[in-house]
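Data first, discussion second: the structure below is written as structure tokens.
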Amino acid sequence: MASFPKPRPDPGDSAVAASLLEWFDARRRDDVAWRGERDPYAILVAEVMAQQTRVETAAPYHRRFMDRFPDVRTLAEAEEDEVLGLWEGLGYYARARNLRRAARRVVSEYGGRIPRAVSELRTLPGVGPYTAGAVASVAYGLPEPAVDGNARRVLSRLGDLETASPSELDRAARNLLGAAPDRPGDVNQALMDLGSAVCTPRGPRCGACPLSNRCQALRRGTVGQRPARKRRARSPERVEAAAVVRRGGRVLVLRRPSDGLLGGLWDFPSVRLSSTTTTAAALTSALLERYGLDCRVGEEIRVLSHTFSHFRLRLAVHGARWRSGEVAQRRPHRWVGAGEFGDLAFPAYLRRLIDEDVSPR
Ligand code: SF4
């Protein structure tokens, strides 16, 4: 296990921590559903939801999730479909599957109690250093850093950290935590809130910042360069076609493998397109060869675009009529009637298509 140097708060850290907490106490964002929450399970759910999602967006999902799965045992016993259904629209569905797996692990290995130690929290599926630190500090009052993107920005500017490596950030956060040993959860949350409300990526409001007289980047005129930006290559485009195959009054849907992209969600038969074939021809042969169905592929219904973390999807959706054959796929599939689409979890980018073109409400 990695060992970290003991925090050595100096008077500067103590002054920063005091100003930060004073600001936090006066301006804490009461609109955050789980602010003030101390239940480790509720905090774990909240932190997993807030990964890659704005807190304001995640808050109503958190309320609904906690209403349905109020404790770790209820979640551990839930069907994956139901968990994914409550997650629909939040994206990054691996988080939901991992959260359910984590709940099962907590029940089987920790007697239903969310573990306290970061080293144990990190063994749970989907729990990284940030989430483990947030649960340990907020729920259990342990002096563990929880450095998300907002906290990273504040710490980088405060210390004028050129590279802001994980170890530099960890050290800076631990020094602040050491300066306010009674309130580790609040220090972590205050850093995140300050980054979200004041020390924003563009146009930080340094004049309103409680840390301005201690901020190294402000003093040296490097605020705009901190943290150093990571260069990102434009993600590649993937072009696919999908078919809404109708047989009588029903439509074919298939469940995606649970361990891949959008795992466990339902979608339509699809094929990756190359530049050498037309969309209708590619769909016709894919339906026959891959799905075992002879279909007449019709007009394009609409073209959807969606950006994933590592590629951009462009999806041309066509209507199709089943003529013969039975589905030859190991993936679970169903012929779904009108009114049944609400029972299954689909990727959010398919919802409008379903509601407006496939199964209008
Ligand atoms: S003074 Fe400005 S740059 Fe420094 S921490 Fe505050 S808002 Fe961020």
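The values are calculated or read from the model by the stated rules, or taken from the named source; none is laboratory data. As the structure is a computational prediction, the values presented were derived from the model and not from experiment. With ideal geometry, Cβ positions are generated from the backbone for all residues, glycine too; neighbour counts draw on all protein chains shown. Surface areas here come from the heavy atoms of the whole protein model, side chains and all, with no ligands, DNA or RNA. Shrake-Rupley method; radii C 1.70, N 1.55, O 1.52, S 1.80 Å.
Between Arg302 and Ser235, the modelled label-to-label distance comes to 2.1 nm, taking each label 7 Å out from Cα in the direction of the beta carbon.
Computing FRET efficiency as 1/(1 + (r/R0)^6) for Ala328 and Glu109, where r is the C-beta to C-beta distance and R0 is 41 Å, gives about 0.55. Rolling a 1.4 angstrom probe over the protein heavy atoms with all chains in place gives the stretch 186-281 an accessible area of 54 Å² per residue. If I take every Cα pair under 8 Å that is 6 or more residues apart in the chain, average their sequence separation and divide by the length, what percent do I get for the relative contact order? Relative contact order for the chain comes out at 16 percent. Remark on the stretch 11-225: hydrodynamic radius 17.8 angstrom, per the Kirkwood mean of 1/r across alpha carbon pairs. Annotation: Cα Rg of the chain relative to the compact-globule expectation 2.2 N^0.38 Å equals 1.19. Where a ≥ b ≥ c are the square roots of the eigenvalues of the C-alpha gyration tensor, would you call the stretch 237-358 rounded, which needs a/c under 1.5, or, failing that, prolate if a/b is larger than b/c, or oblate? Rounded is the answer for the stretch 237-358, as its axis ratio a/c remains below 1.5. Kirkwood hydrodynamic radius of the stretch 34-133, from the reciprocal of the average inverse Cα-Cα distance over all distinct pairs: 13.3 Å. Taking a ≥ b ≥ c as the square roots of the eigenvalues of the Cα gyration tensor, the stretch 163-292 is classed as prolate, since a/c reaches at least 1.5 and a/b is larger than b/c. On the chain, 47 percent of the accessible area sits on carbon and sulfur atoms, based on a 1.4 Å probe. Across the stretch 237-358, the mean sequence separation of Cα contacts (distance under 8 Å, 6 or more residues apart), normalised by length, yields a relative contact order of 34 percent. Within the stretch 159-189, find all residues whose amide N lies under 17 Å from a label point positioned 7 Å from the Cα of Cys206 along Cα-to-beta-carbon. Within reach of a label on Cys206, which here means backbone N under 17 Å from a point 7 Å along Cα→Cβ, the stretch 159-189 contributes 159-162. Using only the Cα atoms of the stretch 209-258, build the gyration tensor, take square roots of its eigenvalues as a ≥ b ≥ c, and label the shape rounded, prolate or oblate: rounded if a/c is under 1.5, else prolate if a/b is larger than b/c, else oblate. Prolate is the answer for the stretch 209-258, as a/c is 1.5 or above and a/b outweighs b/c.
Extension gain, Arg321-Glu82: 0.36 nm per intervening residue step, less the Cα-Cα distance, totals 83.0 nm. If a spin label sat at a point 7 angstrom from the Cα of Ser258 along the line to its beta carbon, the backbone N atoms of the stretch 333-350 nearer than 18 Å would be those of 333-334, 344-347.
The modelled label-to-label distance between Arg73 and Glu356, using points 7 Å beyond Cα along the C-beta direction, is 4.6 nm.
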